[in-house]
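Asks: Dropping the structure in here first, questions after.
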């Protein structure tokens with residue numbers, strides 16, 4: 001059985017369209033001025049020029065490839081009316097790599113907010129764009145190299161102790177969930193140099209020789225961000241570019257700057273297979289979008305209300321390793337009567353006002369016999385840190401139809417005393433914390449599946 005704890009690659013639609021002032025120039029959602037690149041840190045200049053001869057030219061060429069994304073105005077109007085005056089709390093969302101990169105002024109030179117594109121890859125993208133008639137662009141089948149023997153070597157160059165802790169914690173989670181190994185080495189033939197440059201970014205897959213991965217000391221020194229960028233280095237793109245995306249969501253470009261529209265292009269079945277199937281490292285997840293019964297407008301509402309920001313997630317399931325993680329959880333056998341359980345997750349010895357650079361997670365497996373349905377409700381929360389995305393603490397009740405995907409996470413008062421149900425056997429409940437400790441109280445029982 002796959003352990004479906006999510007390592008997530010996130011690309012929130014709003015974040016890729018945001019423009020922020022940079023210390024020395026404007027960054028993010030506008031066409032960069034000439035020589036903007038030269039105002040970045042020297043180590044950023046040195047690193048990115050390994051991949052692109054003229055970064056300003058790369059920025060202009062990326063922006064010129066406009067994707068053909070249908071915008072059904074009647075549907076969008078209905079969505080806008082339903083969501084009303086929804087806003088994003090930038091004090092929370094600033095941990096998103098795309099936002100950090102926009103503030104740092106490096107995002108105009110990156111694909112999808114945090115992916116480095118080489119000159120050869122850009123040329124292939126442009127050739128395919130021209131062959132397919134301009135606005136009907138589909139991305140080229142760019143070969144992505146797999147790391148030999150499922151082993152990635154890396155070393156730290158000029159990063160802080162906190163960033164090193166975040167990398168260690170992020171790589172531990174990936175290694176526990178997959179059969180990919182990480183080994184420190186500054187001399188291996190193929191290796192990643194982790195640098196404190198402007199923003200959080202990485203190339204896709206192995207480039208050969210030494211390649212860079214940036215974790216800016218202010219904003220990228222987080223476990224989730226470190227794991228995010230390393231997953232790009234493994235060979236994965238964002239889930240937002242899946243070829244079948246439009247079957248499940250509507251992309252609203254209303255607030256997206258024209259120069260950023262290329263970030264929302266889709267892959268094809270060929271390129272999706274190229275980087276998801278060929279780069280599986282023996283995993284078996286189909287990595288499909290979550291399916292819901294609601295129509296697309298309600299799908300937006302579902303994720304915005306339950307997750308807090310519209311995001312796409314990639315799970316890295318445990319590869320060829322079928323053991324359940326020994327993380328403090330257990331197997332539970334429900335009965336027909338409501339039972340109560342209190343879950344405490346986190347580290348009570350850590351400071352109560354300081355974020356930890358490491359996750360704590362407990363996984364519970366509920367046995368659900370054939371013909372029965374599990375009902376669960378959250379009746380209490382303490383230190384759940386309600387915020388966008390439930391990023392500091394949450395319960396994830398995996399009742400959706402695809403266990404490899406992330407289900408909505410719960411951490412807010414609005415989630416209390418609502419009954420969620422599942423017929424999957426076993427049904428998984430993940431409790432997560434990375435800020436002091438949290439306590440959740442749940443009730444659960446079995447009912448007839450037809451009830």
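Asks: Would you mind stating whether residue 375 is outside any strand (DSSP E or B), touching a residue at least 60 places away in the same chain (Cβ under 8 Å) and surrounded by fewer than 22 Cβ atoms within 10 Å (Cβ to Cβ)?
Replies: In short, no.
Asks: If you don't mind, another one. Name the residue that is modelled with the lowest pLDDT, counting only residues in region 342-353 that are part of a strand (DSSP E or B) and surrounded by 14 or more Cβ atoms within 10 Å (Cβ to Cβ).
Replies: Filtering region 342-353 down to residues part of a strand (DSSP E or B) leaves 342-346.
Checking the rest, the ones that are also surrounded by 14 or more Cβ atoms within 10 Å (Cβ to Cβ) come to 343-346.
On the way: 343: 96, 344: 95, 345: 93, 346: 89.
Taking the candidates together, the pick is 346.
Asks: Assuming residue 425 fulfils every condition listed in (1) touching a strand residue (DSSP E or B) at 6+ places or on another chain (Cβ under 8 Å); (2) at pLDDT 90 or above; (3) assigned to a loop (DSSP other than H, G, I, E, B) apart from one, which condition is it?
Replies: Looking at each condition in turn, residue 425 falls short on (1).
One line per residue, one yes/no per condition, for (1) over 23 Å from residue 169 (Cα atoms); (2) modelled with pLDDT of 90 or more; (3) surrounded by fewer than 19 Cβ atoms within 10 Å (Cβ to Cβ):
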| residue | (1), (2), (3) |
| --- | --- |
| 355 | no, no, yes |
| 370 | yes, yes, yes |
| 379 | yes, yes, yes |
| 395 | no, yes, no |
| 415 | yes, yes, no |
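Asks: Within region 213-222, can one find any residue that is in contact with a strand residue (DSSP E or B) (Cβ under 7 Å, 6 or more places away or on another chain), surrounded by fewer than 21 Cβ atoms within 10 Å (Cβ to Cβ), modelled with pLDDT of 90 or more and closer than 19 Å to residue 51 by Cα?
Replies: So far as region 213-222 goes, no, none of its residues is in contact with a strand residue (DSSP E or B) (Cβ under 7 Å, 6 or more places away or on another chain), surrounded by fewer than 21 Cβ atoms within 10 Å (Cβ to Cβ), modelled with pLDDT of 90 or more and closer than 19 Å to residue 51 by Cα.
Asks: Out of all the residues in region 56-72, is one or more modelled with pLDDT under 65, surrounded by fewer than 17 Cβ atoms within 10 Å (Cβ to Cβ) and not in a loop (DSSP other than H, G, I, E, B)?
Replies: Looking for residues that are modelled with pLDDT under 65, surrounded by fewer than 17 Cβ atoms within 10 Å (Cβ to Cβ) and not in a loop (DSSP other than H, G, I, E, B), one finds none in region 56-72, hence no.
Asks: Please work out if residue 188 is at pLDDT below 95 and not assigned by TED's automatic domain parsing to the domain that holds residue 432.
Replies: So residue 188 does not fit the description; no.
The values are calculated or read from the model by the stated rules, or taken from the named source; none is laboratory data. Quick caveat, the model's predicted, so the values are computed rather than measured. Cβ atoms come from the backbone with ideal geometry, glycine included; neighbour counts cover every protein chain shown.
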